[in-house]
Amino acid sequence: QVQVAESGGGLVQAGGSLRLSCAASGSFFSINAMGWYRQAPGKQRELVAVLTKGGSTSYADSVKGRFTISRDNAKNTVYLQMNSLKPEDTAVYFCNVVLFGSARDQWGQGTQVTVSS
């Protein structure tokens, strides 16, 4: 059993910053990748950023240069630093964890990010 928990969402004005955290806990050998997705009302869930075990990163074009994904391996935690936030960044942000040997990705419950104009 693996638990994935996001935190750090909230309400912020345009141009502001938020830092999201995602911690994985439970029984597993290792994590292959961790990432962030988001879903706005009426839209499909989309990839925001991903960080692999080897340290490779990938970002959606819409957030490139503004968001940074990082990790603390000792804590099995991934972070998403969000700067220069825009109203179009408003969404529920979900953490995704790919475990070694797991048939299914693990998802957190989501955290709401709201950016006001």
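Quick notes
- Set of lysines with alpha-carbon distance to Lys75 below 18 Å, sequence-local pairs under 8 removed: Lys53
- Efficiency of FRET from Cβ geometry, Phe29 and Asp72, R₀ 22 Å, rounded to 0.05: 0.75
- Note on segment 64-117: with neighbouring protein chains present and a 1.4 Å probe, carbon and sulfur make up 47 percent of its accessible heavy-atom surface.
- Compared with the alpha-carbon gap, the fully stretched path from Asp105 to Gln1 is longer by 36.2 nm at 0.36 nm per residue.
- Trypsin sites (Lys or Arg not before Pro), loop per DSSP, at most 16 other Cβ atoms within 10 Å - longest free stretch of the chain: 1-42
- Highest mobility in the GNM of the chain, judged by mean-square fluctuation with C-alpha springs under 10 Å and restricted to Gly42, Gly16, Gly54, is found for Gly42.
- Taking chymotrypsin sites (Phe, Trp or Tyr not before Pro) across segment 1-67, the ones in a DSSP loop with at most 12 further Cβ atoms lying within 10 angstrom of their Cβ are Phe29.
The values are calculated or read from the model by the stated rules, or taken from the named source; none is laboratory data. Keep in mind that this is a model prediction, so the values were computed, not measured. We place every Cβ from the backbone using ideal geometry, glycine too, and count neighbours over all the protein chains shown. Note: accessible area is taken over every heavy atom of the protein model, side chains too, but ligands, DNA and RNA are not part of it. Shrake-Rupley method; radii C 1.70, N 1.55, O 1.52, S 1.80 Å.
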